[in-house]
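Undergrad: One structure, pasted below without further comment.
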Amino acid sequence: MNQNKLSIRYARALFELSKDKNKIDTTYKDILLINKTYQAIPDFGNFLVSPIIKASIKKKTLDLIFGKKIEVLTKNFLNLIIDNSRENFIFDITRRFIFLYKREKGIKTAVISTASKFNKIEKDRIVEIVGKTYNSKVELEEKIKEELIGGFILRVDDKQYDASVSNQLNKVKKELTDYNFEQKF
């Protein structure tokens, strides 16, 4: 079975089980914590996929890391993944679970890239506009990209609105290079 199908199957199984047990919101928080840990600490993923480290040590380490921070349901799920030697799929499973949760709850993720941080009023306004446009709740992720010079790039699903200064400068540059000055004179 390929990684894609396997990750989807595990994520869907956890999603349905947590829904059946009325633990969907707590499982979501647990999965977010695991996902963020995986992203923030590169050695965490290396540890999990290492064939040298025994499954029992991996389970104990996860229990030490997450302890009482995650629910028993999530701990059991992680143990199942380790028992089935699927540790290398954990990050993808968490991403897919997050997707399923957001789809179920009608949450859109808007990613805004700016040259400098927006203030709270600007962020709230963007969340309001995106929420009205998509008729949904919105989670706003902010990324700082100094190369944008100014303005912003907003991405929601597969749509992108580029209002960055660097994009405007590139458009002007393209127009100038495409403009046939010899014909005009």
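Undergrad: Take Asp30 and tell me if it is free of Cβ contacts under 8 Å to residues at least 24 places away in the same chain, under 28 Å from Lys143 (Cβ atoms) and part of a helix (DSSP H, G or I).
TA: no
Undergrad: Turning to a different aspect of this structure: Can you say whether Ser18 is buried (at least 17 other Cβ atoms within 10 Å of the Cβ), in contact with a helix residue (DSSP H, G or I) (Cβ under 7 Å, 6 or more places away or on another chain) and under 16 Å from Asp92 (Cβ atoms), as far as the supplied structure shows?
TA: The answer is no for Ser18.
Undergrad: Does the range 161-176 hold any residues that are charged (D, E, K, R) and over 26 Å from Val130 (Cα atoms), and which are they?
TA: Listed by number, the residues that qualify are Lys173, Lys174, Glu175.
Undergrad: Just to be sure before I move on: is Phe97 surrounded by 14 or more Cβ atoms within 10 Å (Cβ to Cβ), assigned by TED's automatic domain parsing to the domain that holds Arg155, out of contact with any strand residue (DSSP E or B) (no Cβ under 6 Å at 6 or more places or on another chain) and not small (Gly, Ala, Ser) in the structure I sent?
TA: no
Undergrad: Taking Asp124 as meeting all but one of (1) in the same structural domain as Asp25 (by TED's automatic domain parsing); (2) surrounded by fewer than 16 Cβ atoms within 10 Å (Cβ to Cβ), write down the number of the exception.
TA: (1)
Undergrad: Mind telling me which of the residues Leu148, Leu154 ends up being at pLDDT below 85 and not assigned by TED's automatic domain parsing to the domain that holds Thr26?
TA: The match here is Leu148.
Undergrad: Being touching a residue at least 40 places away in the same chain (Cβ under 8 Å) and under 30 Å from Leu6 (Cα atoms) narrows it down to one of Ile90, Ile52, Ile82, Ile65, so name that one.
TA: Result of the check over Ile90, Ile52, Ile82, Ile65: Ile90.
Undergrad: Mind checking which residues of the range 31-51 are closer than 11 Å to Tyr101 by Cβ and either surrounded by 16 or more Cβ atoms within 10 Å (Cβ to Cβ) or in contact with a Pro (Cβ under 9 Å, 6 or more places away or on another chain) (or both)?
TA: Ile31
The values are calculated or read from the model by the stated rules, or taken from the named source; none is laboratory data. Worth saying up front: this structure is predicted, and the values here are computed from it rather than measured. A quick note on method: Cβ atoms are made from the backbone with ideal geometry, for glycine too, and the neighbour counts reach across all protein chains shown.
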